[in-house]
1. Taking H as built 1.01 Å from N, whose amide H comes closer than 5 Å to the amide H of TRP162, not counting residues under 5 places away?
2. Quickly rank 316-322, 96-102 as a protection proxy: mean count of other C-beta atoms within 10 Å, highest first.
3. Express as a percent, rounded to the nearest 5, the fraction of DSSP beta bridges in segment 247-394 (both residues included) that run antiparallel.
4. Could the peptides 190-201, 110-121 be put in order, highest first, of the mean number of other beta-carbon atoms found within 10 Å of their residues?
5. Please give me the summed charge of the neighbours of GLY125: other residues whose Cβ is under 13 Å from its Cβ, Lys and Arg +1, Asp and Glu -1.
6. Give the shape of segment 270-312 as rounded, prolate or oblate, defined through the alpha-carbon gyration tensor: a ≥ b ≥ c are the square roots of its eigenvalues, a/c under 1.5 means rounded, and otherwise the shape is prolate if a/b is larger than b/c and oblate if not.
7. If you add up the charges near ALA308, with Lys and Arg at +1 and Asp and Glu at -1, over every other residue whose beta carbon is less than 11 angstrom from its beta carbon, what do you get?
8. How much net charge surrounds TYR102 when only the other residues with a Cβ under 10 Å from the Cβ of TYR102 are counted, with Lys and Arg +1 and Asp and Glu -1?
Amino acid sequence: MNQKVVRGVVAVALGGTVVYTIASAVAMARPASPAMGGMPMPASSSASPTPAAPTSVTDIPASRTRTVTLVAAPGHLTIRRGQTVPVWTFNGTVPGPEIRVYQGDRVRVTLVNHLPWATTIHWHGLLDRNSNDGVAGVTQDAVLPGHSYTYDFVARDPSTYWYHPHQKSDEEVDKGLYGALVVLPHRAAVSPAVDRTLVLDDWPLTGAMAPGAPGMPMPTATATGMGAMAMPSATATGTGAMDAASRPSVALRPYLADPGMGAYQTFTINGHAYPDTAQVQAPPGALVRLRLINVGYLTHALHLHGTAYRLVATDGSAVNRPWETTDLLPIAAAQRMDIEFRMPRGAWSLHDHDTLAGASEMRVIVGQGARPSAADERAMRAAAPPLLDLVVCQANFEQ
Ligand SMILES: [Cu+2]
């Protein structure tokens, strides 16, 4: 057994409240199937089209079984041009692949662990039986390096969910192990023309997350600029160690050391910092739905320029009679907020209106045309509106 894994498991036993033994984990974890390692789902940050919700009963696809393989493995993320950092990934991307299914679909997700320590997947927000909950030492044993585990559930409730490990989740989510799960309704009163998920994260690129820190894969010492994003070997060796030859060359910017939350100085949307965030393309007049998921530790105050929006769901619960607002939208750690709006003409920003260092990186352009427009830049300099009162929204949930 890999020595790092032993340390990781022991750390959980000492630091948490669960009783957990290495022996039981070895006995319960299943061996990896030779057929695993496929990457059938597109990355959410890719330009692949997302399916629109059906508009009538006749459009409803038959319930089906969706099979997904998620390979947890060390990798690299190019946060912006010239800055590539070592991370942990599902299927080589951060966020991991977005799993987008319809209400009623059976979802079978096989987690294959190529990490150097044990892990699980917790389906955040999903109401289902214990064996799918992914809490290591409580609802399942952690999946050891080189092993796998299959989660099997029916997507009952349309909502925006996300997935992440529940072994050492504080560290594993911090290193990039997360992704979105979207369950679309069979029937929607009005179907958005554009339906996109934006996963917000903050990165502590100092201290424990610094390249070379314990548990983090070390980039090559030679900084030669951006290299090819080679993936670690797909062969499960049981150690999770990266093949030295597959490590890309990276150029890392120096970051100021700052203890505590102040170390979270790099902010991303779908794994990238502005101006390298992917624009949400939307024609004028289109109904746009943005599914916002905050997987970081900090609360952000998001501002949509160009038009009012409606907060249609918070943490997966639909808001009854949502109203139009231009207020800043607060989104705390682990929260999900779904907003809808009619796209105005031009290119506008959704961005973080905090004064935190790095807040200007949490920005995505929404709309059409050259980015950003002069009108959007003027709006960026305008005074910030007040914060939306979430208590009012949450008192107004659908019954
Ligand atoms: Cu603003």
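1. Answer set, sorted by chain and number: HIS124, LEU181.
2. 96-102, 316-322
3. Percent antiparallel among DSSP bridges in segment 247-394 is about 95.
4. In decreasing order of mean packing, 190-201, 110-121 become 110-121, 190-201.
5. -2
6. oblate
7. So the surrounding residues net to -1.
8. With Lys, Arg at +1 and Asp, Glu at -1, the net is +2.
Read-outs throughout are calculated quantities, based only on the coordinates presented, and are distinct from any laboratory measurement. Owing to the predicted nature of the structure, the values given are computational and were not obtained by experimental measurement. Positions of Cβ are generated from backbone atoms using ideal geometry, with glycine treated the same way; all protein chains shown enter the neighbour counts.
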